[in-house]
Amino acid sequence: MQVLFRTDASVTLGSGHVMRCLTLAKALTQQGANCHFICRKINGNLIDFIHQQGFTVLVLPAQLTSEQEDAHQTLVQLQQHYQLLVLDHYELGYAFCQRLRQRCKTVLVIDDLANRSHDCDLLLDQNLLPNADARYTALVPPNCKQLLGPHYALLRDEFYQTSASRQQNHILVSFGGSDEHNLTALAINAIKQLKPEQVTADIVIGANNPWRADITQQLACLPNVQLHVQCNYMATLMYRARLMLGAGGASHWERCICGLPGLVVTVAENQQATTAYLDHLGACVWLGQAAEMSAEFFAEQLCYYLSQPALLDSMGQTAAGLIPAAAGTPLVVETIMNTLNNEHPERG
């Protein structure tokens, strides 16, 4: 089975898109698939990282002029036909998928914006929203199978295999791959305001983080805090933390399956609705938007919630109840394989 992934990452966004595509690619590879990626060589791309994960990457020039042009350039690069196209890209939609059907039999779109039409057979939106069932009704074909909600969250193998004991007053800080607003620096300054003998922390940043040197320097005088760059053991860090301070997005579902209470800052508009709903359910605390944050506010919030163990326990239990252990990536792969086998019964 040949699978093509079309996704991009830059210094401002897209790291999460690449990471969840890699998660799905690795899971499909375990089912015998041969997965290729096609990405633009824009500033902050993760092409080398995808190579390091063992996948072939076809490279497009940096500028994306239109969906039609992107589709044309993509088709020029392809030397074979694919049973499945996986599209995870905010700037591409119906026109791109329609053109790519020349080489791709089945199309899976990963989205969370619900702001454009798609020509797809499967649509995956892992976000939890009260109106989830209706969001894509007018945006996808009538026969499209919709995979909606955190039951279909694309989580790496480590989240199904790892467990560790919670460490009292241990904080995990992670604001995504690039952390455009440098919220990590505010969090470090907040931790400095807490008593070091009472609080320890893991700080996670992505390879695209432009503040890496400054952050490393900030942490030089904090022996109770450890920095991790583009780590592949996030589940271990989540299972041992008592509380997480971080961004919305895909990390919601990583945190939930680990039963980890979270203080969440939304760093993009598309994160707000899901974060607000999870706050309403009691699965996290939405602190507000990135522009509203300060080190003093972070320190105040961390101090308060670490002093409320019963509240943290309740929040963690609510979060854990949103993603059953048998759901997530295995369920997505099972659905994909069933769809492909139904379309090509001679292969099943």
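The values are calculated or read from the model by the stated rules, or taken from the named source; none is laboratory data. This one's a predicted model, so the numbers in the text were calculated from it and none came from an experiment. Neighbour counts are summed over all protein chains in view; Cβ atoms, including those assigned to glycine, are modelled from backbone coordinates with ideal geometry. Note: accessible area is taken over every heavy atom of the protein model, side chains too, but ligands, DNA and RNA are not part of it. Shrake-Rupley method; radii C 1.70, N 1.55, O 1.52, S 1.80 Å.
Considering each residue of segment 142-159, count those that are closer than 8 Å to L124 by Cβ and out of contact with any Leu (no Cβ under 9 Å at 6 or more places or on another chain), and give that number. The qualifying residues number 0. Of all the numbered requirements in (1) in contact with a Cys (Cβ under 8 Å, 6 or more places away or on another chain); (2) modelled with pLDDT of 95 or more; (3) under 26 Å from A201 (Cβ atoms), L87 misses one, and that requirement is (3). Of the residues making up segment 236-248, just one is aliphatic (A, V, I, L, M) and either surrounded by fewer than 22 Cβ atoms within 10 Å (Cβ to Cβ) or part of a loop (DSSP other than H, G, I, E, B) (or both), namely A241.
Taking strands (runs of 3 or more DSSP E) as the structural unit, those lying wholly within segment 28-114 and holding at least 2 residues that are open to solvent by 20 Å² or more (accessible area, probe 1.4 Å) and either touching a helix residue (DSSP H, G or I) at 6+ places or on another chain (Cβ under 8 Å) or of a type in the set (F, W, Y) (or both) correspond to 56-60. Given the criteria aliphatic (A, V, I, L, M), assigned to a helix (DSSP H, G or I) and surrounded by 14 or more Cβ atoms within 10 Å (Cβ to Cβ), does A276 qualify? Yes. Here is a check on your reading of the model: is Y136 under 29 Å from C231 (Cα atoms) and of a type in the set (S, T, Y)? When the stated conditions are applied, Y136 does not pass them.
Only one of the numbered conditions (1) open to solvent by 40 Å² or more (accessible area, probe 1.4 Å); (2) not charged (D, E, K, R); (3) not in a strand (DSSP E or B) is not met by Q301, and that is (1).
All of D157, D133, D202 fail the test of being modelled with pLDDT of 95 or more and either in contact with a helix residue (DSSP H, G or I) (Cβ under 6 Å, 6 or more places away or on another chain) or not small (G, A, S) (or both), apart from D202. Consider segment 178-225. How many of its residues are open to solvent by 20 Å² or more (accessible area, probe 1.4 Å), touching a residue at least 24 places away in the same chain (Cβ under 8 Å) and of a type in the set (S, T, N, Q)? So the answer is 8. Taken together, A164, A153, A62 contain a single residue that is hydrophobic (A, V, I, L, M, F, W, C) and farther than 30 Å from R242 by Cβ, which is A62. Kindly list, by first and then second residue, each pair from a residue in segment 56-69 that is over 15 Å from G93 (Cβ atoms) to a residue that is in a strand (DSSP E or B) and among the hydrophobic types (A, V, I, L, M, F, W, C), limited to pairs with Cβ atoms under 6 Å and residues at least 6 apart or on different chains. From residues that are over 15 Å from G93 (Cβ atoms), the pairs are V57/F37; V57/C39; L58/I38. Screening V107 against (1) in contact with a strand residue (DSSP E or B) (Cβ under 9 Å, 6 or more places away or on another chain); (2) touching a residue at least 24 places away in the same chain (Cβ under 8 Å) leaves a single unmet condition, (2).
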